[in-house]
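Working notes, beginning with the structure itself.
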Amino acid sequence: MTRRSWIKKMLMAIAAVLCAWPVIGFIMPVRYRPPRKVLIREKLPKGSFLIEPEFVLFASETGPVAVSRTCTHLGCTVSFDETRKQFICPCHQSMFHWNGKYISGPAQKDLPRFEVKTSEDGKGYVVLI
Ligand code: FES
């Protein structure tokens, strides 16, 4: 094998891998990503809530509830209307109850909820997003 033919084969092999990469990415299952932990340093009084960039944490009667702020339609960040206790999407006006239940609009699905645990020192929460 000459050096020229070896280089040619190597370039063809690299080109084949680059062309196949999107197909391999489509076929392979989505990799598991461990949840990210967001620490809330203090407990909320019952009935109150805390608005974070990625979720709203509610201190409900049954315990803490973290509702995602990512709209299930096309992924816009929903706003929380404190007076009506509803999420409203600014993009296409989907509406959701405070607990993430779908009310109206093009979204059709509830807002996801995140797992909430008590922090290690017991003084706050850890939200797994
Ligand atoms: S992105 Fe929220 S309703 Fe369309």
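Readers should treat all values here as calculations from the given coordinates under stated rules, not as data from a laboratory. Just so you know, these numbers come straight off a predicted model, no measurement behind them. For neighbour counting, all protein chains shown are included, and Cβ atoms are generated from backbone atoms with ideal geometry for every residue, glycine included.
May I ask you to say which residue of Met1, Met12 is out of contact with any His (no Cβ under 8 Å at 6 or more places or on another chain), assigned to a loop (DSSP other than H, G, I, E, B) and aliphatic (A, V, I, L, M)?
Testing whether each residue is out of contact with any His (no Cβ under 8 Å at 6 or more places or on another chain), assigned to a loop (DSSP other than H, G, I, E, B) and aliphatic (A, V, I, L, M) leaves just Met1.
Return yes or no: is Ser48 within 16 Å of the ligand (Cβ to nearest atom), without any contact (Cβ under 8 Å) to a residue 60 or more places away in the chain, surrounded by fewer than 15 Cβ atoms within 10 Å (Cβ to Cβ) and of a type outside the set (Asp, Glu)?
no
Looking at region 91-119, which of its residues are within 18 Å of the chain's Cα centre (by Cα), surrounded by fewer than 15 Cβ atoms within 10 Å (Cβ to Cβ) and near the ligand (Cβ under 10 Å from one of its atoms)?
The answer is Gln108, and nothing else.
Enumerate the pairs (first residue in region 68-81 and free of Cβ contacts under 8 Å to residues at least 12 places away in the same chain; second residue anywhere and in a loop (DSSP other than H, G, I, E, B) and more than 11 Å from the ligand (Cβ to nearest atom)) with beta-carbon separation below 6 Å, excluding pairs fewer than 6 apart on the same chain, so at least 6 apart or on different chains.
Every condition considered, no pair remains.
Can you say whether Ala66 is at negative phi, more than 16 Å from the ligand (Cβ to nearest atom), surrounded by 11 or more Cβ atoms within 10 Å (Cβ to Cβ) and among the aliphatic types (A, V, I, L, M), as far as the supplied structure shows?
Judged against the criteria, Ala66 is a match.
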